[in-house]
Amino acid sequence: MSNPRTITVNLPDCMVMSDDDMHVLRTTLQTIITLSSGDSCGPDPHLAAMRKDGWTVNWDLTWIARARRDGVYEEATAETKDQVMEQLARLVRLHEVEGTP
């Protein structure tokens, strides 16, 4: 079993990281590694099967934001954090009547 290779990134002292922030950072870095390595480490078996069946497959980074209150759930996706939060805010406002939740 090989040891995983790691990198160290220095964050500014003023940067406060929540668990959610760390999850986003970890996922983003892992996605960048996956995108940059392409098929160099061998394709995922699902990816290989889709390509064998003639599918062209690509992927990129996407923001997903979710809001939940009581029994109501909304979800938005977009290319940037600002865009996804704007979409989610618009969806949440649809549940208000004249400013009243």
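A few remarks follow.
- Unmet criterion (only one of (1) at pLDDT 90 or above; (2) exposed (fewer than 12 other Cβ atoms within 10 Å of the Cβ); (3) within 30 Å of Val9 (Cα to Cα)) for Trp59: (1)
- Residue in the stretch 74-84 that is at negative phi, modelled with pLDDT under 80 and of a type in the set (S, T, N, Q) present: no
- Near pairs, Cβ below 9 angstrom, 6+ apart or cross-chain, from the stretch 80-101 (under 15 Å from Arg66 (Cβ atoms) and surrounded by 14 or more Cβ atoms within 10 Å (Cβ to Cβ)) to any residue that is of a type in the set (Lys, Arg) and at pLDDT 90 or above: Leu88/Arg66; Val92/Arg69
The values are calculated or read from the model by the stated rules, or taken from the named source; none is laboratory data. Keep in mind it's a predicted model, so treat the numbers as computed, not measured. Glycine gets a Cβ as well: all are built from the backbone with ideal geometry, and neighbour counts include every protein chain shown.
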